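For reference, the structure discussed in these notes is given below.
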Amino acid sequence: MSPAGAGATLETLPNGLRLLLAPATTAGTTAVAVHAGVGFRGEPADSSGLAHLFEHLMFAGSAGVEPGGHFAAVEAVGGAVGGHTRHDYTELFEVVPAHAVDEVVRLEVDRLAGPRLDPATLATQVEVIRAEIAQQVDGVPYGGFPWRHLPPAMFDTSPHVRDGYGDVAALRRVGVDDAAAFFDHWWAPGNLVVTVEGDLDHLDVGRTRELLSALPARAVPPATPLAEPALAADRHLEVAAANVPAPVWAAGFRLPDPALSPRLHGACTALAGLLPAQEPALRVSARSGWYGVPLDARDPDVLVLSTHPRPGVDGAPLLAAMRDLLAAWAPGAATPALLGTARTRLALGEYARGERLAHRARRLGAATLLLGSTDVLASADPTTCLDRDLLGEAAAYLLDQHAGTVLVTPGPAGSPATTPGGDS
Amino acid sequence: MRIPDHHARRTSAASGSVDVVAVDWPGAPFAELRLVLPSRRTDARTTALAHLTGRLLALHPDDADAGAATERMLRAGGRLGTTPLVDRVTVAATVPADGVVATVADVVDRVRRRTWRPEAVAGLLRAELTLQQQVAGYREVDVQAAVARRRWGAEHPYAHGVLRPAMLADLAVDDLVEDLAGPAAEQAVTLHGATVLVVGDLGAAGTDPADLAARLVAVLEQAPPPRPLPPLPAARPDPGHERLPASPGATGLLRVVTPAPVRQDPDHPAALAAGMVLGGYFGSRLNRELRERRGYVYGVSCGFEVLADAASLVLSLDCTDDRMDGVRSEVHATLDDLVTHGPTPAELAAATAYSTNAATVGISSPAALASAGSAVVLGGDDLGMWERHAARARALTSADVAAVAARHLRAEVRVEVVSPTSDGDR
């Protein structure tokens, strides 16, 4: 397969907005993705959840689009719409039949110039978020695991321990002026990447450039500082959650910074793809990145291993078992038999992820926003990082650090039976 | 909409009338193979047999466990998984294009032999029991069972969609190995009337749609004829409202289901449009009212559940108990209005534009086309269905939709199941 960014061209418009055009052979569809450089690690500490609220507000009308009009316009051509708020970015995207791409660009420009902000819309969208949390997280078995429970075991500072949804009560206090200030600060053109991917035969590139360039330039906010010292000892937490039918456990390790060590990052991602098959009886799941998508956050990002433990087994022996899995890949250990089929296994995994709506556009846009280039998608591609020595280096990197773990057990909601402990 | 170059064949009646479709998708890195096998569940035993047979079809007779099966496929450059459902077992494989024929031959052989190593059967049984015990507490399982019971009638095969741990707990491995190879399992999952659909870069593999289809037909016609499933009994719907016992959770669940016309029925396009206008997309009435105006729900979904011989229109939403009565009233009032007046011309135009164009997006990858296309072909149609439906949908009027809604969505035929999170006075 060709590298994800093959054939893509990136240009920075006079207002600082980056426009990425990525042609690809499709069945006649085009994806448009907008990435804004604000996620829930960047939002104000006293307004946690505001980045996600803004994702909703961006669909609730703008100067030339009625409330609900964005959905209606995209759906009128059979398109699909989505949005996510992640640690360090907010993304909005559409996939449409190729002939409709210019209309989608017009819709994007309209809302990037400024969403409609009024008290009624704010109030309604906060209620939708309340329903979203209830339906998509609290109402789903294991919903929110591990990204809601594990961060406090790995990090201490505020940006890292937010869950993205924030406090609904606090969101109800967000006023129109607060929202407007947030938009002006974070959604400046210089903090945006717009990606158009797929069948570009129908795209009026000149008009797209012209429309996006007309967005007024504003000061680009500095990135939120995220550095935090590594753990000085393993840290084990226990929490109760009402939506967990049986105990579930996760351990988090820090990934190497892909901007500095892309191939080491790729090898760690490769290990995440291989460890679950190493000892099937352990029923280990592994993910590179909080949501199982590599290169989806700025440094520090995480590799998570999880499993369903037997009752009574706590964090320390489980972490030891995970380290045993990693040790099988450490320098000097015999080459695991899994390596023989690793390239196919990982390639199939990436191929399956490609089925996500607008996957390639979203990966290209996020990489450009977070890492300044799409090149890292190729250099950190795990299928190209399967050299035995490099995998050994990756295992050593993970083994050489202290880890945070969390055991989530069934229990009443809001009864955090947190019992910090530690051993080195 | 561009359906890539494709070719369809059917094996002889003596060979089970298996539909074979091969689609050329230049540039596809893998070939997507779907082998969809009709399945029939008549009671707890055949439900377990159909489900376990479906799962075991991922394993070669020589595989000791699922891990060995995965490694076997990876060595061949691909992967293979299976999904047992109430009316079918879908075998989904992602393989190099030049490995399609061998993969189909391998799976067909497994379906005919239905023999696996006892340790493989024991391992799968343990894994399935653990899995089913884990999901048994999910409230959605009970909701699904209640909906199916009322939609089809308690004894109907389509009411046996939920596998309960008790159906597996007492199975002895030796007996199970024998049962899997016996006539009951043969009647639970069959090649008779199956569908094989392949989407891949056939040119790169030195073949083309017609050639590949012919080679697959030859594979399927080599062995003894499969037995057809017994006739499907008539459904005995039990319309009305059912409130399940309270089940702790963050939100209550509401499901409204009606019998619906299958794809070949002349009423299908209008019923599809009615479902779209009701709750089928963001621009639908209920999503605009309950999500965008009131903020009561995260979303409403409404669509067709198409089984081999019948279909249902299913509306689903989650909301908190305190809002459930209001939401239910709105849902039924909206349904009643559609039955009485139909959609406005603007609503119909928007819903039609969405549903017809969305098919283009929905089948815009080899895997998506393979999955959607194989379901369409199993249902007795072909890959031209989307274009035909689009043409018929564009000719619909509001009165057409109202008339069809009156036949299929009226209050007397609705099954409604509510799963609250706490006991109230209702």
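The values are calculated or read from the model by the stated rules, or taken from the named source; none is laboratory data. Note that the structure is a prediction, hence the values are computed from the model and not measured. Please note: Cβ atoms are built from the backbone with ideal geometry, for glycine as well, and neighbour counts cover all protein chains shown.
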In this structure, is B:ARG215 assigned to a loop (DSSP other than H, G, I, E, B), touching a helix residue (DSSP H, G or I) at 6+ places or on another chain (Cβ under 9 Å) and basic (Lys, Arg)? no
Out of everything in segment B:368-382 that is surrounded by fewer than 20 Cβ atoms within 10 Å (Cβ to Cβ) and within 14 Å of another protein chain (Cβ to nearest Cβ), what residue ends up being farthest from the chain's Cα centre (by Cα)? B:ALA368
Looking at A:PRO262, A:PRO311, A:PRO300, A:PRO294 in this structure, which one is at pLDDT below 95 and assigned by TED's automatic domain parsing to the domain that holds A:GLY340? A:PRO311
Scan of segment B:5-18 for residues that are more than 14 Å from B:ALA214 (Cβ to Cβ) and either within 22 Å of the chain's Cα centre (by Cα) or within 9 Å of chain A (Cβ to nearest Cβ) (or both), ordered by number: B:GLY16, B:SER17
Output for segment A:261-277, where each listed residue is more than 12 Å from A:PRO382 (Cβ to Cβ) and in contact (Cβ under 8 Å) with a residue 24 or more places away in the chain: A:LEU275, A:ALA277
Filtering segment A:269-287 down to residues that are under 24 Å from the mean Cα position of the chain (by Cα) and in a helix (DSSP H, G or I) yields A:THR269, A:ALA270, A:LEU271, A:ALA272, A:GLY273, A:LEU274, A:LEU275, A:PRO276
Just need a number here: residues in segment A:105-143 that are part of a loop (DSSP other than H, G, I, E, B), buried (at least 19 other Cβ atoms within 10 Å of the Cβ) and within 9 Å of chain B (Cβ to nearest Cβ). 1
Can you name the condition, by its number, that A:ASP299 falls short on among (1) within 27 Å of A:GLU197 (Cβ to Cβ); (2) in a helix (DSSP H, G or I)? (2)
Tally of residues being farther than 19 Å from B:ALA346 by Cβ and either among the hydrophobic types (A, V, I, L, M, F, W, C) or within 14 Å of chain B (Cβ to nearest Cβ) (or both) across segment A:31-83: 24
From the list B:ASP87, B:ASP63, B:ASP142, pick out the single residue that is of a type outside the set (Phe, Trp, Tyr), over 26 Å from the mean Cα position of the chain (by Cα) and either modelled with pLDDT under 95 or buried (at least 19 other Cβ atoms within 10 Å of the Cβ) (or both). B:ASP63
From the list A:ASP163, A:ASP184, which residue is at pLDDT below 95, within 18 Å of A:THR85 (Cα to Cα) and not assigned by TED's automatic domain parsing to the domain that holds A:ALA297? A:ASP163
What are the residue pairs meeting all of these: first residue in segment A:364-391, first residue part of a helix (DSSP H, G or I), second residue surrounded by fewer than 17 Cβ atoms within 10 Å (Cβ to Cβ) and hydroxyl-bearing (Ser, Thr, Tyr), Cβ atoms under 6 Å, and 6 or more apart or on different chains? A:ARG388/A:THR335
Since A:GLY28 meets every condition but one in (1) more than 22 Å from the chain's Cα centre (by Cα); (2) more than 19 Å from A:ARG363 (Cα to Cα); (3) surrounded by 22 or more Cβ atoms within 10 Å (Cβ to Cβ), which condition does it not meet? (3)
Looking at segment B:9-34 only, could you name the residues that are within 29 Å of A:GLY79 (Cα to Cα) and modelled with pLDDT of 95 or more? B:VAL21, B:ALA22, B:VAL23, B:ASP24, B:PHE30, B:ALA31, B:GLU32, B:LEU33, B:ARG34
With the condition kept exactly as written, say whether any residue in segment B:404-424 is farther than 28 Å from B:THR320 by Cα, surrounded by 15 or more Cβ atoms within 10 Å (Cβ to Cβ) and of a type in the set (Gly, Ala, Ser). yes
Would you confirm whether any residue within segment B:239-253 is at pLDDT below 95, away from chain A (no Cβ under 14 Å) and within 21 Å of the chain's Cα centre (by Cα)? no
Whether any residue in segment B:335-356 is more than 22 Å from B:VAL277 (Cα to Cα), at the interface with chain A (Cβ under 9 Å from one of its Cβ atoms) and polar (S, T, N, Q) is what I want to check. no
Test: A:PRO152 is in a helix (DSSP H, G or I) and within 21 Å of A:TRP249 (Cα to Cα): yes
Sole residue being touching a residue at least 40 places away in the same chain (Cβ under 8 Å) and within 14 Å of chain A (Cβ to nearest Cβ), chosen from B:GLY153, B:GLY123: B:GLY123
Residue hits (segment B:274-326; of a type in the set (Lys, Arg) and more than 11 Å from chain A (Cβ to nearest Cβ)) are B:ARG285
Condition test on B:ARG291, is it at pLDDT below 95, of a type outside the set (Gly, Ala, Ser), surrounded by 23 or more Cβ atoms within 10 Å (Cβ to Cβ) and in the same structural domain as B:VAL415 (by TED's automatic domain parsing)? yes
Inside segment A:155-187, the number of residues satisfying the requirement of being under 26 Å from A:LEU255 (Cα atoms), away from chain B (no Cβ under 14 Å) and not aliphatic (A, V, I, L, M) is 10
I'm told B:ARG2 meets every condition in (1) out of contact with any Pro (no Cβ under 9 Å at 6 or more places or on another chain); (2) in a loop (DSSP other than H, G, I, E, B); (3) away from chain A (no Cβ under 14 Å) except one. Can you identify the failing condition by its number? (3)
Just checking, does segment B:59-72 include any residue being touching a strand residue (DSSP E or B) at 6+ places or on another chain (Cβ under 6 Å) and among the small types (Gly, Ala, Ser)? no
Of the conditions (1) assigned to a loop (DSSP other than H, G, I, E, B); (2) more than 28 Å from A:ALA31 (Cβ to Cβ); (3) within 12 Å of another protein chain (Cβ to nearest Cβ), A:ALA333 satisfies every one except a single condition; which number is it? (3)
